[in-house]
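Presented below is the structure to which this report refers.
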Amino acid sequence: MTHEEKRAWIMLMVSLVAYTGYAAVLLSRTEGGSLTTTPYVAAMLWTIGGAMVASILAEIGMGVLNPRASRVTDDRDREIGRLGDRVGQAFVAIGAVSAMLMAMAQWHWFWIANVIYLCFVLSAVVGSLAKVITYRKGVPQW
């Protein structure tokens, strides 16, 4: 497994675990009330910050466990990286357009913030999944 594939796995797992944790905390705070009245900002910020720290620590751990691993990237790694980034970036655009439409419709900021966060997570998950699958199946020839 190449260094870049390991990085894709780390991003995939950290993103899934962090968002699942955020959703669990958010749902545990509703207490039968409306989601829009649930305090979410601190949980969202802690989750995002925690995911960043977890990703950094996982990459450091990966380097410590295998210090001699090559970090050289070749054309295949770069092509897979571009493919995964293109696939994932679609969700960033979807999130931006969705947030803009929600703001124009004057939706509650809770929904706007959560749609943006969800689309960032989907971008990371789908982009990383595309990279992992491409590493396993090969770069498609168009």
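The values are calculated or read from the model by the stated rules, or taken from the named source; none is laboratory data. Here the structure is a predicted model, which is why all the values come from computation and not from measurement. Cβ coordinates were reconstructed from backbone atoms using ideal geometry, including for glycine residues, and neighbour counts include every protein chain displayed. To get the accessible areas, we keep the full protein, side chains included, count just its heavy atoms, and leave off ligands, DNA and RNA. Shrake-Rupley method; radii C 1.70, N 1.55, O 1.52, S 1.80 Å.
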Here are labelled values, [x] 23, 18, 14; [y] 33, 20, 10; [z] 35, 20, 10, and one is the computed semi-axes √(5λ) of the Cα gyration tensor in Å for what I pasted. Which one?
[y]
In the chain the accessible area split gives carbon plus sulfur, as whole percent at 1.4 Å, a share of 69
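What are the trypsin sites (Lys or Arg not before Pro) within the stretch 71-140 that DSSP puts in a loop, where the Cβ has at most 15 other Cβ atoms within 10 Å? Don't skip to the answer; put the middle values down first.
On the way: sites: ARG71, ARG76, ARG78, ARG82, ARG86, LYS131, ARG136, LYS137; in loops: ARG71.
Passing sites in the stretch 71-140 are ARG71.
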Taking the alpha-carbon centroid of each part, what is the distance from the stretch 91-142 to the stretch 14-49 in angstrom?
18
Comparing ALA54, ALA69, ALA43, which has the greatest mean-square fluctuation in the GNM of the chain with Cα pairs linked when under 10 Å apart?
ALA69
For the stretch 31-109, what log10 I(q)/I(0) values come out of the Debye formula at q = 0.14 1/Å, with one point per alpha carbon and no solvent?
-0.84
Percentage relative contact order, the chain, counting C-alpha pairs under 8 Å, at least six apart
36
Rounded to the nearest 10 Å², what accessible area does PHE120 have for a 1.4 Å probe in the complete protein model?
120
With only Lys, Arg, Asp and Glu charged, each at its Cβ (+1 for the first two, -1 for the last two), find how big the charge dipole of the chain is about the Cα centre; round to the nearest 20 debye.
240
Farthest toward the dipole's positive end in the chain, which of MET104, VAL72, VAL87, given Cβ charges of +1 (Lys, Arg) and -1 (Asp, Glu) about the Cα centre?
VAL72
GluC sites (Glu not before Pro) lying in DSSP loop within the stretch 25-123, provided at most 12 other Cβ fall within 10 Å
GLU31
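For the stretch 25-90, what is the accessible area per residue in Å² when the probe is 1.4 Å?
Here the per-residue accessible area is 69 Å².
Which trypsin sites (Lys or Arg not before Pro) in the stretch 1-65 sit in a loop by DSSP (not H, G, I, E or B) and have at most 15 other Cβ atoms within 10 Å of their own Cβ?
Details: sites: LYS6, ARG7, ARG29; in loops: ARG29.
Loop-located and lightly packed - ARG29.
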Residue among LEU65, LEU118, LEU45 with the largest mean-square fluctuation in a Gaussian network model of the chain, springs linking Cα atoms under 10 Å
LEU65
